[in-house]
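The values are calculated or read from the model by the stated rules, or taken from the named source; none is laboratory data. Keep in mind that what you see is a predicted model, and the values were worked out from it rather than measured. Cβ placement follows ideal geometry from the backbone for every residue including glycine, while neighbour counts extend to all protein chains displayed. Protein only, heavy atoms only, side chains kept; ligands, DNA and RNA dropped before computing areas. Shrake-Rupley method; radii C 1.70, N 1.55, O 1.52, S 1.80 Å.
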Amino acid sequence: MIRLIPDDTAYKFMHHRRWSFPLSALLLVGSLVMFGINGLNLGIDFRGGTLIEIQTTDGPADIGNIRQAVGSLNFGDVEVQEFGSPTEVLIRVEQQDGGETAQQNVIAKVRQVLGEDNINYRRVEVVGPRVSGELTRTGIIAVLSALFAVLVYIWFRFEWQFAVGAVLATMHDVILTIGMFAVLQLDFNLASIAAILTIVGYSLNDTVVVYDRIRETLRKYKKRPLAELLDVAINQTLSRTVLTSVTTLLALGSLFFFGGEVIRSFTFAMIWGVFVGTYSSVFMAAPLLIFLKLRPQQLHDEEDGDTVGAGSV
Amino acid sequence: MLHFARWKSFLILLTVISGVVLTIPNFFDEDSVKSWPDWVPSKQMVLGLDLQGGSHLLLQVERDGLVKERLETLRGDVRNLLREDRLRYTNLAIAKQAVQVRITDPTKVEQAREKLQSLATPVSLGFVTGQSSVNEVEITVSDGNQLRLALTEEGILQRIRSAVTQSIEVITKRVNELGTTEPTIQREGADRILVQVPGLDDPESLKAILGSTAKLTFQMVDATSSVQDVLNGGRPPIGTDLLYDTEDPPQPYLVERRVLVSGEELSDAQPAFDQRTNEPIITFRFNTSGARKFGRATQENVGRPFAIVLDGSVISAPVIREPILGGSGQISGSFTAETANNLAILLRAGALPAELTIIEERTVGPGLGADSIEAGKVAGIIGAVAVVVFMILSYGLFGVLANTALAANILLIVGTLSVLGATLTLPGIAGIVLTIGMAVDANVLIYERIREEARIGRSAIASIDAGFSRALGTILDANITTLIAAVILFSLGSGPIRGFAVTLAIGIVTTVFCAFTFNRFLIAQWVRMKRPTAVPI
């Protein structure tokens with residue numbers, strides 16, 4: 001049997017907060033700056049507009065020709081790119097002025113100029129200005145309310161320091177994911193929101209497992225310094241943290257390489273999220289408790305009142 | 001933790017077996033499943049539009065158009081009522097959401113107001129349940145002699161709601177005419193309609209039949225006045241409108257506003273070919289009252305042209321050669337076989353009460369859908385094999401047991417989705433594959449804990465027992481937080497995102513059951529048989 005992580009590790013993780021905090025701060029600021037400069041490459045879900053995926057049946061598509069043909073229609077900003085294979089092309093046309101019907105006009109015109117011979121129209125999506133505005137709003141609300149609901153749950157189950165720590169660590173992951181989208185200019189669409197929420201779920205899952213063990217350790221050894229106890233807890237869960245990341249990455253890697261082009265940016269974001277989420281549970285979530293001045297005694301006081309007794313003896 | 005009462009063992013096995021049984025129909029095609037006896041579970045997962053191909057259209061009733069039409073009717077009513085009582089007025093006009101009129105004689109303002117009050121009495125609008133009647137119009141007096149009849153917000157909303165209900169009926173009729181399987185047509189919010197039609201090759205024909213109101217009218221053409229005068233800037237004679245036909249360039253006609261017969265009185269319409277010219281035409285038949293009206297109108301107007309008007313443009317304007325008393329006729333125009341067929345469908349289904357705008361369209365061709373299913377299968381199998389191999393490498397026999405629990409987990413997810421009749425979308429498949437990766441997390445938590453307990457010197461059985469009981473709290477906490485995210489994703493997400501959230505949520509519940517309960521059950525059986533002295537991990 002293989003062991004990725006040897007038994008009884010004793011890494012001094014709290015020691016590393018000297019570089020992990022500045023590193024995270026740097027990455028966070030970098031993400032926000034890139035977000036400010038580049039913005040997100042918003043898909044039609046949030047920006048409105050038309051997306052057409054075509055497949056040529058007579059050999060590789062001539063992207064230049066298609067770009068020129070669609071460009072000649074004067075629809076403003078037009079993106080034409082290969083999508084997964086040389087015969088597949090994704091055409092995106094920005095939202096047209098003139099309300100909902102103007103968008104419908106785009107498909108008709110594009111189909112006209114590209115013709116119907118040797119071309120399969122595999123996917124057509126049109127999102128009008130009204131819908132895109134709503135989708136943006138609900139997307140933001142979804143992420144924020146998920147964070148808030150989880151904050152309340154953890155607050156209820158642990159101490160407030162844990163709740164704040166978990167939410168800060170998760171926000172760290174969300175911001176770095178958004179930063180990644182901004183740097184690589186990946187298409188940011190509804191699936192990306194799903195990816196972010198799944199990352200929120202995964203990262204919290206990871207953080208909560210570590211926190212559970214921290215709470216248990218704090219109850220066991222009330223006298224030892226907090227930093228030392230945090231190290232013990234993280235080392236004890238390290239094997240699990242790594243193993244779970246590996247299995248999740250195996251599933252995601254398979255989706256990334258074989259799951260098709262349509263969900264590739266979704267899986268890419270998820271893979272990034274698993275790395276960031278794992279890092280933040282170990283290097284952010286735990287040391288944040290020191291920063292938030294958690295006292296082991298606080299836990300001791302209410303030990304008996306804890307009914308579900310997560311991991312408690 | 002390792003003792004299971006007999007009834008508990010029974011329930012655990014029953015749950016897993018029902019997962020298997022409920023999953024089975026998905027391996028067969030739809031037709032063979034239908035021939036199974038009733039007592040055999042036969043519910044399959046429904047493939048989403050992104051997997052089987054099809055069109056998703058979100059339509060919205062145009063509030064502005066509805067209000068405008070309502071105000072025009074109101075203005076007509078005001079004019080008629082005031083004329084009835086010979087009340088003189090000026091400046092009868094539409095302003096925003098109201099009709100305004102100035103009564104010339106200030107002493108008669110009160111009389112006018114009373115007369116118009118009939119327009120402001122609460123009306124009950126059909127199709128709306130609950131609130132039986134609403135006050136649609138509010139009358140106020142300003143400036144001494146100006147009457148203002150404003151549409152109430154409540155009234156407008158009621159109109160929109162009933163327009164949506166009516167539109168759904170009409171759309172259902174129209175879409176059914178296309179002969180597609182299982183379209184979904186439902187209300188979304190206050191003023192929207194969601195139309196989902198699976199397996200449609202060409203969404204353009206769907207859009208063509210949803211896009212037009214299909215208001216058909218037969219009106220007389222005013223042949224006595226000159227169209228040219230109007231084109232040169234003159235005003236159309238009272239009671240007529242300037243309309244164009246669909247030719248290129250469009251020909252203008254002066255059409256009388258009075259409607260002889262409207263499309264509501266059609267009892268049938270069919271595409272056909274003109275026997276002389278071989279051009280596509282539409283033959284139609286009026287119902288009895290329509291036939292009577294049309295007969296009388298044609299009798300009175302022999303030799304004059306009349307116009308067949310569809311949604312404000314003239315399709316054709318034939319001259320009445322003889323009275324048409326049989327109640328049937330034909331419409332010729334510049335049709336193709338397809339447009340004639342579409343128009344016949346629209347005429348049979350009736351007119352929409354208001355204009356509908358397509359505010360969102362998502363169409364996936366059948367080819368892409370099939371590719372996505374294939375890609376999903378491949379990714380799922382490879383991902384599962386990778387995880388299974390990794391678990392065996394990491395935990396040996398316990399890895400095999402965890403994999404058994406994982407298999408049960410997947411079957412339970414698919415089985416649950418089948419029973420719920422949930423729609424499987426591409427993000428849904430991603431959700432299942434992701435669950436495969438994350439589901440073993442609970443097993444990993446337990447096994448790592450067992451290792452730890454063994455290392456501090458406990459006996460094998462005590463370690464296993466303690467491993468399960470100590471990991472439980474962590475498993476619950478970790479999964480509840482993810483569940484919260486999934487629930488919020490579901491309640492706020494739309495379409496495909498919801499599919500993802502549903503599989504994620506179901507996956508979380510089945511994961512806890514499989515990893516904690518079923519896996520523990522398997523290990524308990526193993527412990528009973530082997531009486532191990534050391535944990536094998």
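The condition of being touching a Pro at 6+ places or on another chain (Cβ under 8 Å) and either surrounded by 13 or more Cβ atoms within 10 Å (Cβ to Cβ) or more than 15 Å from B:GLY329 (Cβ to Cβ) (or both) does not hold for B:VAL314. When we screen B:THR357, B:THR404 for residues that are part of a helix (DSSP H, G or I), of a type in the set (S, T, N, Q) and either in contact (Cβ under 8 Å) with a residue 12 or more places away in the chain or facing chain A (nearest Cβ under 10 Å) (or both), the only hit is B:THR404.
Set side by side, the residues B:ILE413, B:ILE456, B:ILE432 differ, and just one is open to solvent by less than 10 Å² (accessible area, probe 1.4 Å), out of contact with any Pro (no Cβ under 9 Å at 6 or more places or on another chain) and more than 7 Å from every other protein chain (Cβ to nearest Cβ), which is B:ILE413. Scanning segment B:197-212 for residues that are of a type outside the set (A, V, I, L, M, F, W, C), more than 16 Å from B:GLN60 (Cβ to Cβ) and modelled with pLDDT of 80 or more turns up just one, B:PRO198.
Checking each residue in segment A:242-275 for being more than 17 Å from B:VAL444 (Cα to Cα), modelled with pLDDT of 90 or more and open to solvent by 10 Å² or more (accessible area, probe 1.4 Å) picks out A:GLY253, A:PHE256, A:PHE257, A:PHE258, A:PHE268, A:ILE271, A:TRP272, A:PHE275. Set side by side, the residues B:THR517, B:THR510, B:THR474 differ, and just one is within 12 Å of chain A (Cβ to nearest Cβ) and in a helix (DSSP H, G or I), which is B:THR474. The strands (runs of 3 or more DSSP E) located wholly in segment B:160-257 that include 3 or more residues which are touching a His at 6+ places or on another chain (Cβ under 8 Å) occupy B:192-198. The residues of segment B:360-378 that are assigned to a strand (DSSP E or B) and of a type outside the set (S, T, N, Q), listed by number, are B:GLU360, B:GLU361, B:ARG362, B:VAL364. Looking at A:VAL164, A:VAL150, just one residue is modelled with pLDDT of 85 or more and either over 20 Å from A:ILE44 (Cα atoms) or assigned to a strand (DSSP E or B) (or both), and that residue is A:VAL164. Restricted to segment B:459-470, and to residues there that are in contact (Cβ under 8 Å) with a residue 40 or more places away in the chain and within 28 Å of B:THR503 (Cα to Cα), the residue that is nearest to the other protein chains (Cβ to nearest Cβ) is B:SER469. For segment A:276-298, a residue qualifies if it is open to solvent by less than 40 Å² (accessible area, probe 1.4 Å) and not hydrophobic (A, V, I, L, M, F, W, C), and the qualifying residues are A:GLY277, A:THR278, A:SER280, A:SER281, A:PRO287, A:PRO296.
If only residues of segment B:155-172 that are touching a strand residue (DSSP E or B) at 6+ places or on another chain (Cβ under 7 Å) and under 24 Å from B:GLN186 (Cβ atoms) are counted, the one that is surrounded by the fewest Cβ atoms within 10 Å (Cβ to Cβ) is B:THR172.
Number of residues in segment B:466-496 that are within 37 Å of the chain's Cα centre (by Cα) and open to solvent by 10 Å² or more (accessible area, probe 1.4 Å) equals 13. Against the definition (in a helix (DSSP H, G or I), out of contact with any helix residue (DSSP H, G or I) (no Cβ under 6 Å at 6 or more places or on another chain) and modelled with pLDDT of 90 or more), how does A:ILE37 come out, yes or no? So A:ILE37 fits the description; yes.
This table checks each residue for (1) over 18 Å from B:GLU322 (Cβ atoms); (2) open to solvent by 70 Å² or more (accessible area, probe 1.4 Å); (3) touching a Gly at 6+ places or on another chain (Cβ under 8 Å).
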| site | (1), (2), (3) |
| --- | --- |
| B:ALA269 | yes, no, no |
| B:ALA297 | no, no, no |
| B:GLU300 | no, yes, no |
| B:PHE306 | no, no, no |
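Identify all residues within segment A:114-139 that are more than 7 Å from chain B (Cβ to nearest Cβ), of a type in the set (Ser, Thr, Tyr) and open to solvent by 30 Å² or more (accessible area, probe 1.4 Å); write none if there are none. Hit for segment A:114-139 is A:THR136, nothing else. Filter segment A:71-109 down to the residues that are of a type in the set (S, T, N, Q) and not in a helix (DSSP H, G or I), then identify the one that is most open to solvent (accessible area, probe 1.4 Å). Among those that are of a type in the set (S, T, N, Q) and not in a helix (DSSP H, G or I), it is A:ASN74.
Here segment A:1-34 is the region considered, the condition is being hydroxyl-bearing (Ser, Thr, Tyr) and assigned to a helix (DSSP H, G or I), and the residue that is modelled with the lowest pLDDT is A:SER20.
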